[in-house]
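Rule-based calculations on the coordinates, nothing more; no lab input. Note that the structure is a prediction, hence the values are computed from the model and not measured. Every residue, glycine among them, receives a Cβ derived from its backbone with ideal geometry; neighbour counts consider all protein chains shown.
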Amino acid sequence: MKVTLSVIKADIGGYVGHSASHPDILAKAGESLAKAKKEGLLIDYYVTKCGDDLQLIMTHQQGEENEKIHKLAWDTFTEGTELAKKLKLYGAGQDLLSDAFSGNIKGMGPGVAEMEFEERKSEPILIFMADKTSSGGWNLPLYKMFADPFNTIGLVIAANMHTGFAFEVHDVKEHKKITLNAPEEIYDLLIFIGAPSRYAIKAVYSRATKDIAAVSSTQRLSLIAGRYVGKDDPVCIVRSQSQFPAVGEVLEPFALPHLVEGWMRGSHHGPLMPVAVEDSTPTRFDGPPRVTAAGFQLADGKLIGPRDMFADKSFDLARQKANEIAEYMRRHGPFEPHRLPLEEMEYTTMPEVAKKLEARFTDLD
Ligand code: F6R
Ligand code: MG
Ligand code: MG
């Protein structure tokens, strides 16, 4: 049976500040999706949060980029915004960049990751959600999952994974894409994806079966809006087991809290801390950035789960390490590489300050 899994998310208001979502907002979104399920548009749904982001996880048979599904998400966000305004939550409706829905939610602010596939005999799925980071934050973990034998031993010893994976990479600034094959093109791949503020892995495919293996949201809010409106706080869907990496191979990259951009005012690097959903409450200096993982088994499109995958004790050390790295990075204060390079900061006073002091700059010689 062909099923589409759509994960659509938006920050429609924070509680308190940008640190978390309000339970009433989640409950309201749940009502909206329950109605759509009752009416037959959705097979199933699950509503969750990551930090201040509301996450709508939906299964259906309408295919990707379907107007009805996108409208359902948009309406859920706009109704939620009304409630957020009543509660005077912080930044109510901040990710909704348009007043009216026009057929596709892409480019309107919310983040979208969708994949349509033939449901396998057993279909384990992992949905990663991050707060205080941007879409390129998935580059390193996706590379490790699907191209690095030091992470994924299946690439070496499992016959159905040995031919490798193809990576679709998006240039988020120039709106271009390219597909590169691992393992033979990994050096070419890495020159791009090692620069995650510009190049983001959009999708990964099995080269043996052509099956979609992973898909991420690659929207860049600041570029869409042409001004600061918030981080992307991206999501990523990964299929697992059999011809794909095992669940443990998919989760393993997050044992390293790698540095991502997006902490405080979208203008700092910080470690991505893997946490249980309840701990996705970025508080210290509005962070450090968080990632959660919801695990599901699909059963004829029904979402069996979730299991809160990072609630496991084996990620305690990664959390500890993330706190140590956070402490180290914080000591740099307003200096790079804690602070992002000038052109990447989402907040800046640079043009004004430079203009004000223009006359006081003199030539060096
Ligand atoms: C938002 C975020 C925060 C804000 C910061 C300032 O996702 O990460 O760090 O950028 O709290 O927010 P404003 O400008 O809304 O006061
Ligand atoms: Mg926010
Ligand atoms: Mg957020």
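The figures follow:
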{"quantity": "Across K49/K177; K28/K49; K35/K71, pairs whose alpha-carbon gap is larger than 21 Å", "calculated": "K49/K177"}
{"quantity": "Dipole magnitude (debye, nearest 20) for the range 18-79, charges at Cβ of Lys, Arg, Asp, Glu", "calculated": "200"}
{"quantity": "K85 paired with A225, simple spin-label distance in nm, labels 7 Å along Cα-to-beta-carbon", "calculated": "1.6"}
{"quantity": "Bridge type composition, the range 217-365 - antiparallel percent by DSSP, nearest 5", "calculated": "85"}
{"quantity": "Sparse-neighbourhood loop sites, trypsin sites (Lys or Arg not before Pro) in the range 56-116 - DSSP loop, at most 14 other Cβ within 10 angstrom", "calculated": "K88"}
{"quantity": "Between the range 177-238 and the range 152-169, the Cα center-to-center distance that results, in Å", "calculated": "18"}
{"quantity": "Förster radius 51 Å - calculated FRET efficiency between S102 and E184 (Cβ-Cβ, nearest 0.05)", "calculated": "0.75"}
{"quantity": "Qualifying trypsin sites (Lys or Arg not before Pro) for the range 248-343 [loop in DSSP, other Cβ within 10 Å: at most 16]", "calculated": "R331"}
{"quantity": "Residue among L126, L223, L256 with the largest mean-square fluctuation in a Gaussian network model of the chain, springs linking Cα atoms under 10 Å", "calculated": "L223"}
{"quantity": "Cut-off of 10 Å, at most 11 other beta carbons, DSSP loop: longest stretch of the chain lacking such chymotrypsin sites (Phe, Trp or Tyr not before Pro)", "calculated": "151-334"}
{"quantity": "Most positive-pole-ward Cα, Y45, G14, V275, against dipole of the chain from beta carbon charges", "calculated": "G14"}
{"quantity": "Point-charge dipole on Cβ atoms (K/R +1, D/E -1) for the range 1-123, about Cα centre, debye to 20", "calculated": "280"}
{"quantity": "Residue order, fewest to most surrounding Cβ atoms within 10 angstrom, among I304, I212, I201", "calculated": "I304, I212, I201"}
{"quantity": "Label-point separation, K355 to E336 (7 Å along Cα→Cβ), nm", "calculated": "2.3"}
{"quantity": "Label point distance in nm, T348-R207, each placed 7 Å from Cα along Cα→Cβ", "calculated": "3.9"}
{"quantity": "For the chain, built as a Gaussian network whose Cα springs stay under 10 Å, the top-fluctuating residue of D95, D11, D279", "calculated": "D279"}
{"quantity": "Potential extension, A311-E67 segment - 0.36 nm per residue separation minus Cα distance", "calculated": "84.3 nm"}
{"quantity": "Percentage of interatomic Cα-Cα distances in the chain larger than 32 Å", "calculated": "29"}
{"quantity": "Anisotropy class of the range 180-223 from Cα gyration tensor, a/c 1.5 cut", "calculated": "oblate"}
{"quantity": "Cα centroid separation - the range 126-144 against the range 33-51, whole Å", "calculated": "24"}
{"quantity": "Potential lengthening between T78 and E324 on full extension [0.36 nm per residue; Cα-Cα distance subtracted]", "calculated": "84.7 nm"}
{"quantity": "Selection from A159, I57, L126 lying farthest towards where the dipole of the chain points positive, charges on Cβ", "calculated": "I57"}
{"quantity": "The range 194-280 shape via C-alpha gyration tensor axes, a/c threshold 1.5", "calculated": "oblate"}
{"quantity": "Charge dipole (debye, nearest 20) of the chain; +1 at Cβ of Lys and Arg, -1 at Cβ of Asp and Glu", "calculated": "460"}
{"quantity": "Cα-based reach from K176 at 13 Å (exclusive), listing aspartates and glutamates while leaving out same-chain residues under 8 positions away", "calculated": "E168"}
